[in-house]
Amino acid sequence: DVKVTQSSRYLVKRTGEKVFLECVQDMDHENMFWYRQDPGLGLRLIYFSYDVKMKEKGDIPEGYSVSREKKERFSLILESASTNQTSMYLCASSSGGPAGREQFFGPGTRLTVL
Amino acid sequence: AQTVTQSQPEMSVQEAETVTLSCTYDTSESNYYLFWYKQPPSRQMILVIRQEAYKQQNATENRFSVNFQKAAKSFSLKISDSQLGDTAMYFCAFMKQAGTYKYIFGTGTRLKVLA
């Protein structure tokens with residue numbers, strides 16, 4: 001079974017702190033995604049990556065950056081956390097080619113910025 | 001740009017009954033994929049069912065089936081014989097066939113199955 005893990009289930013940070021959210025997948029997937037989930041807004045794509053060191057902005061990239069130095073790991077970085085970044089963050093991965101239509105999700109990180 | 005709309009923020013259904021969740025979408029693409037994902041409370045999101053737009057036959061997976069109306073751009077999910085374990089957030093998602101593997105998600109429907 002595909003496994004997508006995220007470094008923390010719950011995280012509390014202070015305004016202005018630099019925050020790292022880590023995601024690891026164990027199925028050699030080419031594609032990895034970071035979403036933000038908010039009530040009434042569904043899932044919104046922050047960034048995605050098709051390969052190592054490759055990244056593309058999603059719909060809401062402002063205030064975030066990403067890093068993908070290894071194929072299995074995709075990090076989301078909040079350079080200077082703000083209260084409006086309090087949210088649930090979901091990581092997902094998928095393979096390339098036809099099988100890549102299904103995304104596999106991690107358990108999520110609920111981030112609170114005080 | 002594509003959009004996905006789920007007009008029912010919350011629904012409830014009695015155990016063993018049938019419920020239908022609605023999803024409409026807007027696209028100028030002719031080939032694409034549609035999905036329903038389930039997010040149980042405090043658990044990971046998983047794929048429930050998928051539909052390729054070029055297939056006329058509606059997809060089914062055990063108690064889950066879809067009513068795909070391409071002309072109307074409608075993609076509803078029917079859950080038969082509802083079980084307590086079906087309690088979850090359900091998200092409808094759209095993906096273009098060509099190009100990226102990105103999804104566009106709807107805002108979700110919270111379904112509660114009542115004992």
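The values are calculated or read from the model by the stated rules, or taken from the named source; none is laboratory data. This structure is a prediction, so every number in the text was calculated from the model and none was measured. Positions of Cβ are backbone-derived with ideal geometry, glycine not excepted, and every protein chain shown enters the neighbour counts. These area figures cover heavy atoms from the full protein model, side chains too; ligands, DNA and RNA do not enter into them. Shrake-Rupley method; radii C 1.70, N 1.55, O 1.52, S 1.80 Å.
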task: Hey, for a label at residue B:54 modelled as a point 7 Å past Cα toward Cβ, could you say which residues of region B:65-101 have their backbone N under 15 Å away?
output: B:96-99
query: If you take the beta carbon distance between residue A:54 and residue A:3 as r and set R0 to 30 Å, what does 1/(1 + (r/R0)^6) give as a FRET efficiency, to the nearest 0.05?
result: 0.85
query: Carbon and sulfur: what percent of region B:47-100's accessible surface (1.4 Å probe)?
result: 43
Unit charges on C-beta of K, R, D, E only; dipole of chain B, Debye: 260
- request: Evaluate the distance, in nm, between pseudo-label points positioned 7 Å from the Cα of residue A:83 and of residue B:110 along their respective Cα→Cβ axes.
  value: 2.3
- request: Provide the descending list of Cα extents for the protein assembly as shown along its principal axes, expressed in whole angstroms.
  value: 48, 40, 33
message: Just to check I understand the Karplus step: with θ = phi - 60° and J = 6.51 cos²θ - 1.76 cosθ + 1.60, what whole-Hz values come out for region B:35-50, glycine and proline as x?
response: 9, 10, 10, 10, 10, x, x, 6, 10, 6, 6, 9, 6, 9, 6, 9
field: Mean projected area in nm² (Cα convex hull; one quarter of hull surface) for chain A
entry: 6.7
statement: The answer for chain B, accessible area per residue at 1.4 Å probe in Å², is 51
statement: Of every hundred units of 1.4 Å-probe accessible area on chain A, the number belonging to carbon and sulfur atoms, as a percent, is 51
message: I need the Kirkwood Rh of chain B: take the reciprocal of the average 1/r across all distinct C-alpha pairs and report it in angstrom.
response: 14.2
message: Rounded to the nearest 100 Å², what is the buried accessible area between B and A, both sides summed, probe 1.4 Å?
response: 1800
- prompt: Short version: what are the Cα gyration tensor semi-axes of region A:68-109, square root of 5 times each eigenvalue, largest first, in whole Å?
  reply: 25, 13, 8
- prompt: Quick one: if you stick a label point 7 Å off each Cα along the C-beta vector at residue A:12 and residue B:63, how many nm between them?
  reply: 3.8
task: Using only alpha carbon pairs under 8 Å that are at least six residues apart, calculate the relative contact order of region A:24-114 and give it in whole percent.
output: 29
message: Test of the criteria: in region A:31-80, which trypsin sites (Lys or Arg not before Pro) are in a DSSP loop and have at most 12 other Cβ atoms within 10 angstrom of their Cβ?
response: A:53
Listed residue pairs exceeding 25 Å between alpha carbons, taken from A:3/A:71; B:38/B:73; A:57/B:112; A:53/B:55: A:57/B:112; A:53/B:55
message: Taking the solvent-accessible surface of protein heavy atoms with a 1.4 Å probe, what is the per residue accessible area of region A:63-114 in Å²?
response: 36
